[in-house]
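The structure appears right after this line, and notes come after that.
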Amino acid sequence: MAKRFQRDTAGHQMTVLHDDGLYRHLRFTSPKSSEYWFDLVTWPGRLAMCGDVGEDYVFTRLPDMFEFFRGKSINPHYWAEKLGGGRRSVKEYSEDLFRQLVVERFVEDARWNGVPPGTGKALRTWVLNEDLSDEHEARNVLEDFAHRGYEFSDVWEWDFHDYEQQFLWACNAIVWGIAQYDAQKAADSASETDSAKAAA
């Protein structure tokens, strides 16, 4: 997602619409296109991220939310806890994660417990080659799978949900946007220092 975000925002520039302590409104957009524009808005204890990215997100944690999000990488697991709807609000069923977890469990069972001959082929035929795009149907396929006494247990407890792509995009936007803001503040401060030295 980080590479896609970089592509989507390659020409973006920052416009500071408001900057008064913890009250900030920053807009990031390309002068050539209105695609993928986004705003970062802060007020004490809150950061809102909105724009041409699907959902809007409001995070709650520290008085200065830029302090909370500053860094070089995203932390979607922890950051999702700071949303009003919590982690589950930004997760969706992932067919890729379903397939990954099924294969991982099968490999683990084969390594430690052994599985009947032909189980891997049966798993590909009766589970992995199926249309697993619907979570309910995918769970049913997995629960119904059995081959020579081998079956998956506690399937209802498996979590096949992963973070929505637009949420991951928004997380990247927040980190990148704050870095742009910090770089501009540092440049402004250096310019003011140089001007003060020249005047003295």
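Count of region 17-34 residues, restricted to those that are surrounded by 13 or more Cβ atoms within 10 Å (Cβ to Cβ) and either among the hydrophobic types (A, V, I, L, M, F, W, C) or in contact (Cβ under 8 Å) with a residue 12 or more places away in the chain (or both), is 8. Within region 69-112, no residue satisfies the criterion of being on the phi > 0 side of the Ramachandran plot and either in a strand (DSSP E or B) or not assigned by TED's automatic domain parsing to the domain that holds Trp176 (or both).
Please verify whether region 63-84 includes one or more residues that are touching a Gly at 6+ places or on another chain (Cβ under 8 Å) and free of Cβ contacts under 8 Å to residues at least 60 places away in the same chain. Yes - at least one qualifying residue is present in region 63-84.
Condition test on Ser89, is it in contact (Cβ under 8 Å) with a residue 40 or more places away in the chain, among the hydroxyl-bearing types (Ser, Thr, Tyr) and closer than 28 Å to Trp37 by Cβ? Walk me through it before giving the result.
On the way: in contact (Cβ under 8 Å) with a residue 40 or more places away in the chain: no; among the hydroxyl-bearing types (Ser, Thr, Tyr): yes; closer than 28 Å to Trp37 by Cβ: yes.
Spelling it out, it is not the case that Ser89 is in contact (Cβ under 8 Å) with a residue 40 or more places away in the chain, among the hydroxyl-bearing types (Ser, Thr, Tyr) and closer than 28 Å to Trp37 by Cβ.
Across region 105-134, which residue is surrounded by the most Cβ atoms within 10 Å (Cβ to Cβ) among those that are of a type outside the set (Phe, Trp, Tyr) and in contact with a Ser or Thr (Cβ under 9 Å, 6 or more places away or on another chain)? Residue satisfying both the conditions and the ranking: Asp109. Taking region 40-49 as the range and being without any contact (Cβ under 8 Å) to a residue 24 or more places away in the chain and either within 18 Å of Ala2 (Cα to Cα) or outside any strand (DSSP E or B) (or both) as the test, the residues that pass are Pro44, Gly45.
Consider region 178-192. How many of its residues are polar (S, T, N, Q) and more than 21 Å from Gly71 (Cα to Cα)? Walk me through how you get there before you give the answer.
Step one: of region 178-192, the residues polar (S, T, N, Q) are 180, 184, 189, 191.
So of that shortlist, the ones also more than 21 Å from Gly71 (Cα to Cα) come out as 191.
Number satisfying all stated conditions: 1.
Scan region 148-165 and tell me whether some residue there is farther than 27 Å from Val90 by Cα and aliphatic (A, V, I, L, M).
No, that holds for no residue.
Do we have any residue at all in region 56-68 that's part of a strand (DSSP E or B) and either in the same structural domain as Glu151 (by TED's automatic domain parsing) or closer than 14 Å to Tyr163 by Cα (or both)? Yes, region 56-68 contains at least one residue that is part of a strand (DSSP E or B) and either in the same structural domain as Glu151 (by TED's automatic domain parsing) or closer than 14 Å to Tyr163 by Cα (or both).
Yes or no: Arg139 in the same structural domain as Thr9 (by TED's automatic domain parsing), of a type outside the set (Phe, Trp, Tyr), crowded, with 16+ Cβ neighbours inside 10 Å and more than 27 Å from Gly11 (Cβ to Cβ)? Show your work before the answer.
Numbers: in the same structural domain as Thr9 (by TED's automatic domain parsing): no; of a type outside the set (Phe, Trp, Tyr): yes; crowded, with 16+ Cβ neighbours inside 10 Å: yes; more than 27 Å from Gly11 (Cβ to Cβ): yes.
So Arg139 fails the test.
Candidates in region 60-91 are the residues that are surrounded by 15 or more Cβ atoms within 10 Å (Cβ to Cβ) and among the charged types (D, E, K, R); of these, the one that is modelled with the lowest pLDDT is Arg87. When Arg148 is tested against the conditions (1) in contact with a helix residue (DSSP H, G or I) (Cβ under 8 Å, 6 or more places away or on another chain); (2) surrounded by 17 or more Cβ atoms within 10 Å (Cβ to Cβ); (3) more than 18 Å from Leu97 (Cβ to Cβ), the lone failure is (2). Selection of region 6-30 for residues being among the β-branched types (Val, Ile, Thr) and part of a loop (DSSP other than H, G, I, E, B) yields only Thr9.
Table: residues versus (1) part of a helix (DSSP H, G or I); (2) within 20 Å of Asp96 (Cα to Cα).
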position	(1), (2)
Val115	no, no
Leu132	no, yes
Glu143	yes, yes
Trp156	yes, yes
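The values are calculated or read from the model by the stated rules, or taken from the named source; none is laboratory data. No experiment lies behind these values; they were computed from the predicted model shown. Counting neighbours? That spans all protein chains shown, and the Cβs are built from the backbone with ideal geometry, glycine included.
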